[in-house]
Structure formats: structure tokens, C-alpha cells
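A.B. asks: Take a look at the following structure, please.
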Amino acid sequence: MGKDNSIYAASASLSKLPRARMVWKVLGGVVLLIVIYVTYAIFVDESLDPGIAKYYQKTEVQVPDVQNAVIYLRALDAPAGADLLAFGRADIVNEQRYLDDMLRWRRATGYPYEIKQAIEIKGDVNAALYCNETSLSDLAAREKCISTAGLRSLIERNQEILGRYEHVLALPYYQGTVSRNTMLSLSLAKLYCLNIDLSVREGKVEEAYQLWVAFQRYILRAHGSDSLVVDKSVMLVSEGIGYEALNEIMVANPDVLINHHDEIEQMLKTQGLNSWNFRADFVWYYRNMNRSLEVGASSPIFHPNFIRNRIYRTMVAIESVLDSEDPKDYSRKTLDIWHQYGDIARWSNDYLRDPLNTFPSRYVYCNGLKAYGQIAQNVVRHDDIAGLIKLVIKARQQNITDDQMPAFIQREGNAYPDRIDGLPIVWDAKHRTIGYGDPATYSGLHFRVP
């Protein structure tokens, strides 16, 4: 009996051996697959997408530093008497060194830095500009808000830095990014337009007009520049402030519209998104990002091609939206693309494909592209605003009276639609303005009729 039990136990244990081996084989296969996956995900980079080289192919135009506005914009706050060209060049070199140090995990030194004896704008430019905007149709209220003497004092206290900005306006090229001085360049655009207002107040309307022409030509040159989205954003805001300055000139002396009609039409010529050269922006953005990718390429776990492909796919998708969609959908559909490639809070299969590089790809490299839809909408809106000014000019040329204005808008206004918000063109008889929507809500989209 005992012998039979021992034989049974031995046979039972032998019968379990194949099953145990099967389990170990399965577990071994799973571990092997995990090792292969981890090795592939961590150490194997992608091949570049077909077409990526052609997309970013661009003949490099060598812009002389002495003719490049960006070099001098970087030197706006240089100490008095400084060599602005040398200062601007050094600012670019210091910034590149700083970024390279950060990318190589070294202690970054030298940038951003505090400039000793830096020139700054003296006085509250924003408050002065606000007085102009809120008192656009009431000159007495504007004088009370900021007097002509107060405005003159503001301009005189900033002659040196304003002179630097005027030099920038005359330069034929705009290539690169202003970087550290972005907000300072915007403040100087405001100060420059306040100088136009001062000339208008002092009765020098023709001089004010020539100042505006120089400013608008600079903006138009920068439209198609090789720069970054933040620079284009500053240009859009600056252009809007310039439109208000032109409206002041038109109201102060309507003869300007007759004497310079052709030139004004040229300055307000709308060319849509093509005039802003978004492909050049994309190329510039990619090349700037690619510098950091090349620095990190020495690490076996850093996959530059994986990130390059995501930047490329994001840009191609955004460009497709800007080429084919209704302008009012630019921002929403570009945001959808950003959710796909740049939103770290959204799930993506890339987290499985390359978990170590997906986060920097989404958070650093593709994240900055989500603003292009809004920028494109603002470009369209500025084209529409330029159309409003043309409508104001047409009303003046046809000597339209206040009583005739509603019928004039109904007859001519369809040529100047608000393509983003769909607001109707409204005549505000009290303030004698034409604009989109209720003037109490959309005051920035209304212009006085001379």
C-alpha cells in the first residue's frame, strides 16, 4: 500500500513538470519582451519623417548686422554712449552661451544679466497711452488726462532711447528675435506713437504723418521676417497702436487723406497670412530648437529625431489649418493640434513609444507652437481693422454727412466684414466713430470719421 502511494506521488510530480516549464517559458518570454521594449524605447531613435529636410530647406540670407533692426533692438537699454552694434552682437553671443550651458547641464553664467547704468524709459507710458485711447473722441478730456506739456516732458525725458528706436525704424531688415528686450521694444512703440500725438497736438500734422509712415513701413518689413511668434505678437500690438495714431492725424487734418491717399492705401494694403510669412517663422523656430537637439544628441537615451518629427508634424498640421480653414476656426483647431502633440496632460501613444523623450517633446519643443492659431486670427483681425480705416477714408472722400452714414455703411460695409467675431459695422453718432460692434464694448475697433 505504501509502495503504491509513493509511486502515485512520484508520477504526480512528474506530471507537473511540463506545466511548470510552460509557466517559466511564458514568464521568460514576457520578461524578454519587456527587455526588448525597454531597450527599444530608451535606446532606439526614430528615422526622420520623409519630407522634413525639404520642408525646412531655405536659402540662408546673410543680413548685415549693421542693417538688422534686431541687433539694435537688443541694445535699446545699453548704457549711454555704448557702441550699440557691438552691444547687440554681444547680447546674442551671451544668450547662446547661456543656452548651451543649460543644455549641457553646466552652471549657466552671463545671461540674463543686469546691465549697469542701463537706459530705461522714464515716466508712465501706459498711463499716457491710456489717456489717448479712452479720450479718443474728446480732445478736452484728453488734455485733462495728460496735458500737452506733460506729454512733451515725457518725450523730452526719453530722447536718447527714443532716438535709438527711431534708428531701428529706418533699418531695412528684421531677422532674429529681440528676446530679452521684447517688452521694452513694445513700450518704445507706444512712446513713439505718443510722440506722433504730441506732433498732432502742436499742429505739426504733416510731421506726425511722416513719423507714422516710417513706423508703418518698419512694421510691414517685420511682417515677413525670419523671427519668432513673440516678435510677431509685439508687431501686431504695435501696428494696432499705429492705426490709432493715424486716426488722430486724419481727424486733425483731413487734407492728409487727399494729399497722401495713394501712400496711405499702400501702407494699409492687406495681404492676409502670406504677408506674415509663417513658414519662415516655422523654419526659424525649428532651427532654434534644433540647436538644443544637437547639443543633447550625444546621450544614448536622448532621441532628437523623435522630437524633430513631432515638431514637424505639429507645424505641418498647423500650416494646413491656416491654409484651408475659416479664420474664425484658426485658434480652436490649432489648439486641437496642440492637444495632440504638446499637451502634457493629454494621453498620447508617444508615452509608450518613447517615454523619456515624450515629456520634453510636448512640454518644451511643441508647446510654444499653440499660439500660432491666435496669432493668425489677430493678423486677420488687423487686416479687417485696416479695412475699417479705408471705410473711414471713403466716407470722407464722398463727403458723407452724419445723417447719411447708416445708409453708407449698409451700402459699403459688406466689403469690410469682421471675419473673426462676425460683429456688424456700427455708426456711433455721438462720438462720430465707425467700428465693429457696440463702441462701449469694442472701443479698440472704432475709428473717428474726420
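A.B. asks: Please specify each residue of region 165-183 satisfying the condition of being at pLDDT 95 or above and either closer than 15 Å to residue 92 by Cβ or in a helix (DSSP H, G or I) (or both).
C.D. replies: 165, 166, 167, 168, 169
A.B. asks: Further, regarding this structure: If you go through region 288-311 one residue at a time, do you hit one that is among the aromatic types (Phe, Trp, Tyr) and under 18 Å from the mean Cα position of the chain (by Cα)?
C.D. replies: Checked against the condition, which is being among the aromatic types (Phe, Trp, Tyr) and under 18 Å from the mean Cα position of the chain (by Cα), region 288-311 yields no hits at all.
A.B. asks: Are any residues in region 334-358 over 22 Å from residue 43 (Cα atoms), touching a helix residue (DSSP H, G or I) at 6+ places or on another chain (Cβ under 7 Å) and open to solvent by less than 60 Å² (accessible area, probe 1.4 Å), and if so, which ones?
C.D. replies: 334, 337, 338, 342, 343, listed by residue number.
A.B. asks: For region 399-431, what are the residues that are modelled with pLDDT of 90 or more and farther than 22 Å from residue 383 by Cα?
C.D. replies: Across region 399-431, the qualifying residues are 399, 400, 401, 402, 403, 404, 405, 406, 407, 429.
A.B. asks: So, of the residues in region 45-86 that are touching an Asp or Glu at 6+ places or on another chain (Cβ under 9 Å) and open to solvent by 40 Å² or more (accessible area, probe 1.4 Å), which turns out to be nearest to residue 317 (Cα to Cα)?
C.D. replies: 58
A.B. asks: When you scan region 199-217, how many residues do you find that are open to solvent by 10 Å² or more (accessible area, probe 1.4 Å) and assigned to a helix (DSSP H, G or I)?
C.D. replies: Qualifying residue count, region 199-217: 9.
A.B. asks: Name, by its number, the condition in (1) in a helix (DSSP H, G or I); (2) of a type in the set (Ser, Thr, Tyr); (3) surrounded by 13 or more Cβ atoms within 10 Å (Cβ to Cβ) that does not hold for residue 320.
C.D. replies: Against the list (1) in a helix (DSSP H, G or I); (2) of a type in the set (Ser, Thr, Tyr); (3) surrounded by 13 or more Cβ atoms within 10 Å (Cβ to Cβ), residue 320 comes up short only on (3).
A.B. asks: Got a sec? Which strands (runs of 3 or more DSSP E) wholly within region 376-450 have at least 2 residues that are more than 22 Å from residue 256 (Cα to Cα), out of contact with any Cys (no Cβ under 9 Å at 6 or more places or on another chain) and hydroxyl-bearing (Ser, Thr, Tyr)?
C.D. replies: Because the criterion is at least 2 residues that are more than 22 Å from residue 256 (Cα to Cα), out of contact with any Cys (no Cβ under 9 Å at 6 or more places or on another chain) and hydroxyl-bearing (Ser, Thr, Tyr), no strands (runs of 3 or more DSSP E) in region 376-450 meet it.
A.B. asks: For residue 279, only one of the following conditions fails: (1) surrounded by fewer than 18 Cβ atoms within 10 Å (Cβ to Cβ); (2) touching a residue at least 60 places away in the same chain (Cβ under 8 Å). What is its number?
C.D. replies: Condition not satisfied by residue 279: (2).
A.B. asks: Somewhere in region 334-346, is a residue touching an Asp or Glu at 6+ places or on another chain (Cβ under 8 Å) and closer than 24 Å to residue 227 by Cα?
C.D. replies: No, every residue in region 334-346 fails to be touching an Asp or Glu at 6+ places or on another chain (Cβ under 8 Å) and closer than 24 Å to residue 227 by Cα.
A.B. asks: Another question about this same structure. May I ask you to list the residues in region 162-206 that are without any contact (Cβ under 8 Å) to a residue 60 or more places away in the chain, of a type in the set (Gly, Ala, Ser) and more than 24 Å from residue 248 (Cα to Cα)?
C.D. replies: Within region 162-206, no residue meets the criteria.
A.B. asks: Would it be correct to say that residue 21 is open to solvent by 50 Å² or more (accessible area, probe 1.4 Å), assigned to a helix (DSSP H, G or I) and modelled with pLDDT of 90 or more?
C.D. replies: In short, no.
A.B. asks: Also, I was wondering about something else. Kindly indicate whether any position in region 393-414 is free of Cβ contacts under 8 Å to residues at least 40 places away in the same chain, open to solvent by 30 Å² or more (accessible area, probe 1.4 Å) and within 30 Å of the chain's Cα centre (by Cα).
C.D. replies: Scanning region 393-414 turns up at least one residue that is free of Cβ contacts under 8 Å to residues at least 40 places away in the same chain, open to solvent by 30 Å² or more (accessible area, probe 1.4 Å) and within 30 Å of the chain's Cα centre (by Cα).
A.B. asks: List the number of the failed condition for residue 196; all other conditions in (1) more than 30 Å from residue 431 (Cβ to Cβ); (2) touching a Leu at 6+ places or on another chain (Cβ under 8 Å); (3) among the aliphatic types (A, V, I, L, M) hold.
C.D. replies: Residue 196 satisfies all of (1) more than 30 Å from residue 431 (Cβ to Cβ); (2) touching a Leu at 6+ places or on another chain (Cβ under 8 Å); (3) among the aliphatic types (A, V, I, L, M) except (1).
A.B. asks: Now for a separate question. Out of 364, 380, report the one residue that is more than 30 Å from residue 33 (Cβ to Cβ) and out of contact with any helix residue (DSSP H, G or I) (no Cβ under 6 Å at 6 or more places or on another chain).
C.D. replies: 364
The values are calculated or read from the model by the stated rules, or taken from the named source; none is laboratory data. Source: prediction; values computed, not measured. Quick reminder, even Gly has a Cβ in these numbers, built from the backbone with ideal geometry, and neighbours come from all protein chains shown. Please note that ligands, DNA and RNA were not included when accessible areas were found on the heavy atoms of the full protein model with its side chains. Shrake-Rupley method; radii C 1.70, N 1.55, O 1.52, S 1.80 Å.
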